[in-house]
Each structure stands twice: as C-alpha cells, then as structure tokens.
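Here the structure is laid out as structure tokens; the discussion comes afterwards.
Where a number appears in this text, it was derived from the coordinates with a stated rule and is not lab data. None of these values were measured; they are calculated from a predicted model. Cβ sites come from the backbone with ideal geometry, for glycine too, and all protein chains shown count toward neighbours.
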Amino acid sequence: MVASAGDTTSVFKKVLVSYFYVAIWIALSFSVIIYNKYILDPKMYNFPFPISLTLIHMSFCSSLAFFLIRVLRIVELPSSPAMSRDLYFSSVVPIGALYSLSLWFSNSAYIYLSVSFIQMLKALMPVAVYSIGVQFKKENFKSDTLANMLCISCGVAVAAYGEARFNSWGVSLQLAAVAFEATRLVLIQILLTSKGVSLNPITSLYYVSPCCLIFLLVPWFFVELPLLTNIFSLNFDYLVFGTNSLCAFALNLAVFLVVGKTSALTMNVAGVVKDWLLIAFSWSVIKDTVTTVNLAGYGIAFLGVAYYNHVKLQGLKAKEAQKNGALQTDEESGMLLDEKLKQRVSRQQTSS
C-alpha cells in the first residue's frame with residue numbers, strides 16, 4: 001500500500017513541529033544555564049548569591065503560575081484526586097524541599113566550576129536515580145545495569161581527573177545537587193504518580209514553588225542576607241533578573257511541550273545534544289579549558305548513558321507490546337464469547 005501525498009505531508013509537518021519544540025527546549029535550557037553562569041560568576045556579572053537568585057526564580061514562578069491559574073484560569077488544577085492538605089504535606093512538601101536544595105547547590109556550583117565540567121558531572125544523574133530507585137524498591141537490581149552504572153561513573157571520574165580547574169568544593173556541591181534531584185525524581189514517582197496525581201509544569205510550579213521559597217528563606221536569612229545588606233545597595237536590576245526568571249519559567253513550559261508532543265526518549269537525546277553544545281560554547285566563547293582527558297572521560301560516560309537509555313526504551317517497548325497483546329487477547333476472548341452467545345440464542349430460537 002503506497003502512502004498518499006497528503007499522508008506524507010502530514011508526517012513531514014509532525015516531524016517539523018517536533019523538531020521545532022525540541023529546538024525551543026534546547027535554546028531555553030542552554031540560555032538558562034549560560035545566564036545563571038553569567039550572573040553568578042564573580043568574573044562576569046558578579047552576583048555570587050545562589051540562594052538569592054533561586055529565591056527570585058521561585059518568587060517569579062509562584063506569582064506567574066498563580067496568575068495563570070487563579071486569575072486567567074488558563075490551566076485547571078487536578079481534581080481527581082484533588083490536592084488535599086494531607087496530600088500536599090505528605091507529598092509536595094518533601095519534593096519541594098529536595099527541589100530547593102537541588103537548585104541551591106546546582107546554582108552554587110557555577111561559582112566554582114566551568115559550564116563544561118558541570119555538564120560532565122551531570123552525566124551521573126542516571127547512576128543516582130538508579131541507586132536511589134533500588135533503595136526505594138522502584139528499580140530492580142541487575143548486575144548488567146550495575147556494570148553500566150560503574151562505566152558511567154568511571155567516565156565521569158576520568159573527566160574529573162582531566163579537569164584543568166578542578167575545585168573540590170564545587171564538585172561536592174554539584175554531586176549533592178545531583179543526589180537531591182535524583183531523590184526528588186524518585187519521590188515524584190512514589191508520592192505523586194502512584195497516587196494518580198498528574199501535574200503539568202504550571203501546576204507543578206503553582207504547588208512546588210511556594211514550598212521551595214519557604215525552605216530557601218531560612219538559609220538565605222542567615223547566609224546571604226547579611227552579605228547583601230553590607231555589599232549591595234537596594235537597587236534591583238529588573239532587566240537582568242526579570243529576563244533570567246522569565247527564561248526559567250519558559251523552560252518549564254518547554255519541558256511540557258517536548259514531553260507532550262514528542263517523547264521522553266527524544267528529550268534525552270536532545271539533552272545530549274545540548275550538553276555537547278554547552279561544552280563547545282564553554283570552550284570557544286567563555287574560554288574555559290577543555291582537555292583531551294575531559295572529552296575522553298565524558299565520551300565514556302556518554303556511551304554508558306546512551307546504552308542505559310536504550311535499555312530503558314526496550315523495556316518500555318516490551319511492556320507496551322505485552323499490554324497490547326493482553327488487550328488483543330481480551331478482545332478476541334470477548335468476540336469468541338459473543339459468538340457463542342449468538343449461537344446459543346440461535347439454537348434456542350430454532351428449538352422453539
């Protein structure tokens with residue numbers, strides 16, 4: 001059967017739209033990372049206050065999400081199940097706490113480490129997610145997966161060994177950020193997904209951002225507020241921090257578009273492209289030193305991550321095929337039962 005010209009055009013348009021959404025996500029993610037680096041780095045904008053920057057982001061996202069949901073009513077809050085007080089404190093609060101720590105530490109790392117090296121360290125995310133998933137019984141322990149995780153870890157270790165501007169404190173901050181983010185992702189599966197709660201980026205920000213804001217106020221009050229009052233005037237750069245916060249909010253919407261219009265696998269592949277672009281940009285524009293050992297180590301880690309994503313994709317395909325097979329079996333059983341009932345009714349009518 002030959003596909004018509006209309007079908008070919010429709011498929012082509014869908015592919016173009018998918019690539020367009022992916023390009024938007026890559027551009028926004030790229031921009032947020034570089035923008036945060038520019039603001040926090042003492043050699044650039046020189047605002048080395050990661051908690052304050054995260055507070056600005058959370059305040060902006062909370063206000064805009066509230067406006068879109070409560071005033072404009074563009075997005076509806078989940079109704080089945082509804083977000084009760086018990087569900088909020090048992091699920092959203094711990095997720096918000098972990099998210100605040102992840103943002104705080106990841107932004108802090110930009111003060112001490114290069115953009116390229118931070119992207120290399122982020123390759124450890126599958127290792128952290130898998131390890132924590134095994135502890136929480138969300139992942140099954142497998143020796144081949146463990147070997148893959150060790151391969152990724154060794155690759156990152158080689159990249160760290162070749163880092164020209166290695167800073168142990170910065171590495172500790174980024175590794176802590178990875179651990180907190182991985183725990184948050186696992187808890188989302190346990191606390192929200194298992195309870196049937198579905199949140200898009202706007203509703204997620206509506207619930208999680210105020211929680212992050214409250215958690216960050218405590219360390220901000222004791223760590224950064226005294227420094228800010230002594231060093232900086234009360235003049236607030238609305239252009240820089242406003243556009244930076246808008247980019248961060250837009251990035252959350254882009255994540256929703258990419259996952260909704262394409263797939264999680266597409267996003268993972270796009271993430272790899274983004275990482276390589278950031279490494280190239282860090283080396284060519286920011287003039288960060290990227291060594292051959294750096295690239296060799298990250299190459300090993302990249303292959304491990306790619307294989308891990310491939311295995312996960314095959315597992316999802318197998319589950320989908322099994323599910324479709326079960327549905328087909330049920331349909332065939334239903335059709336057979338209907339046929340038997342029809343035959344029985346026909347016999348009864350003939351005998352009567």
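Observations on the structure shown:
- Each of Cys247, Cys154, Cys61 has some number of other Cβ atoms within 10 Å of its Cβ, and from fewest to most they run Cys154, Cys247, Cys61.
- Three-way shape label, segment 92-152, alpha-carbon gyration tensor, a/c 1.5: oblate
- Global form of segment 11-141, assessed from the alpha-carbon gyration tensor, a/c cut-off 1.5: rounded
- Ordering Val255, Val208, Val218 by the number of other Cβ atoms within 10 Å of each residue's own Cβ, fewest first, gives Val218, Val255, Val208.
- Segment 11-43 and segment 182-199 have their alpha-carbon centroids 26 Å apart.
- The simple Förster model, with R0 at 51 Å and r as the Cβ-Cβ distance, assigns Phe141 and Phe20 a FRET efficiency of 0.80.
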